[in-house]
Amino acid sequence: MLFLFELIILAIFQGIGEILPISSSGHLIMIQNLFNIDSENMVIEILLHLASLVALTFYYFDFIKNMIVKVFLYLFKNNKEYYKEWNYFTTIIISSIPTCLIGLILNNYLDKLASYVSILLIFNGFLLLIIRNKDNSKNIEDLTFKDKVKLGISQSLGLIPGISRSGSSLLGCNIIKLNKEDSFNLTFLLLFPLVIGSLVLNVNDFVIDTTLIIPYIIIFLITFITTYISMCVLHNVVSKGKSKIFGLYCVSIGAIYSIILLVI
């Protein structure tokens, strides 16, 4: 029962932290350290990320389906009215390349930063506080190749434990002056290639323990539900220009965790 309780806690924080710009990796590291939860089970890690991916797919199903159809129509029917969807597609591809390259080059060094997670959470908070509440006017159709590369470089900050992937993408969107609605959509569409790539790279480690089928199902469902709810919450917060609350939270939780480490 204690093991199941620990998994449920991890599932909740995965679903919340993967979406809200507070860093799921940072929170999972803190929880694992504070409660001595085993962090070496690759099956659990894969299940948590897979559940978040399924929730994202469910949330964006119609959007993705329409985008794929319209990208094909733009390419093969030369239908210019679908230029917006084509730009979503090319932005996802181009922006993912710098992130993947940086991830491959620094992969062996990123995990070593986990011991500095409290400082990195505070840094993540300050990054979020940089994001202005103004409604930028640039649309997805207006993005240049340079803008897409800048977004990819910004997103790569999210590879660091304690730095939010969604937060670094939102920061990048703010830097290239993309409007709120396109920023929100693009931030989470960019998660798809990253999460899928991570799952593919770790698929050989996915060996199911049949005695843990029920706990696996429970944490998958909890992560799915919390991820979907977090999407709805974040959309509401971003649309109202109140994303700075996440920055204040990260600075606070990072400082509290630092104090706890000093005490214990």
Which one of the conditions (1) farther than 29 Å from ILE160 by Cα; (2) of a type in the set (D, E, K, R); (3) out of contact with any Lys or Arg (no Cβ under 9 Å at 6 or more places or on another chain) does GLU81 fail to meet, given that it meets all the rest?
(3)
Considering only residues that are at pLDDT below 90 and hydroxyl-bearing (Ser, Thr, Tyr), look in segment 233-264 and name the one that is farthest from ASN33 (Cα to Cα).
SER239
Quick one: would you say SER230 is at pLDDT 90 or above, under 15 Å from the mean Cα position of the chain (by Cα) and crowded, with 17+ Cβ neighbours inside 10 Å?
yes
Would you please name the residue that is modelled with the highest pLDDT, looking only at residues in segment 1-53 that are among the polar types (S, T, N, Q) and assigned to a loop (DSSP other than H, G, I, E, B)?
SER23
Here is a check on your reading of the model: is LYS180 modelled with pLDDT under 90, among the basic types (Lys, Arg) and surrounded by fewer than 20 Cβ atoms within 10 Å (Cβ to Cβ)?
no
Within segment 1-29, which residues are among the aliphatic types (A, V, I, L, M), closer than 21 Å to ASP111 by Cα and free of Cβ contacts under 8 Å to residues at least 60 places away in the same chain?
LEU28
So which of LEU56, LEU127, LEU75, LEU121 is over 25 Å from LYS240 (Cα atoms), in contact with a helix residue (DSSP H, G or I) (Cβ under 8 Å, 6 or more places away or on another chain) and part of a helix (DSSP H, G or I)?
LEU75
Quick one: would you say THR223 is β-branched (Val, Ile, Thr) and either surrounded by fewer than 17 Cβ atoms within 10 Å (Cβ to Cβ) or touching a strand residue (DSSP E or B) at 6+ places or on another chain (Cβ under 7 Å) (or both)?
no
When segment 150-187 is checked residue by residue, the ones that are in a loop (DSSP other than H, G, I, E, B) and either closer than 16 Å to ILE94 by Cα or touching a strand residue (DSSP E or B) at 6+ places or on another chain (Cβ under 9 Å) (or both) are ILE176, LYS177, ASN179
Give segment 148-171 a look and list any residue that's more than 15 Å from LEU20 (Cα to Cα) and either without any contact (Cβ under 8 Å) to a residue 40 or more places away in the chain or hydroxyl-bearing (Ser, Thr, Tyr) (or both), or say none.
LYS150, SER154, SER156, LEU157
Kindly provide the set of residues from segment 78-95 that are closer than 14 Å to LEU143 by Cβ and not aliphatic (A, V, I, L, M), ordered by number.
TYR83, LYS84, GLU85, TRP86, ASN87, TYR88, PHE89, THR90, THR91, SER95
Output the residues belonging to segment 116-156 that are at pLDDT below 85, surrounded by fewer than 16 Cβ atoms within 10 Å (Cβ to Cβ) and within 29 Å of ILE29 (Cβ to Cβ).
ILE130
Listed by first then second residue, the pairs whose first member lies in segment 231-248 and is part of a loop (DSSP other than H, G, I, E, B), whose partner is of a type in the set (Val, Ile, Thr), with beta carbons under 9 Å and at least 6 positions apart or on separate chains, are SER243/ILE131; SER243/VAL237
Can you spot a residue in segment 213-227 that is part of a helix (DSSP H, G or I), within 17 Å of the chain's Cα centre (by Cα), modelled with pLDDT under 85 and not aromatic (Phe, Trp, Tyr)?
no
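The values are calculated or read from the model by the stated rules, or taken from the named source; none is laboratory data. Quick caveat, the model's predicted, so the values are computed rather than measured. FYI the Cβ positions are ideal-geometry reconstructions off the backbone, even for glycines, and counts take in every protein chain you see.
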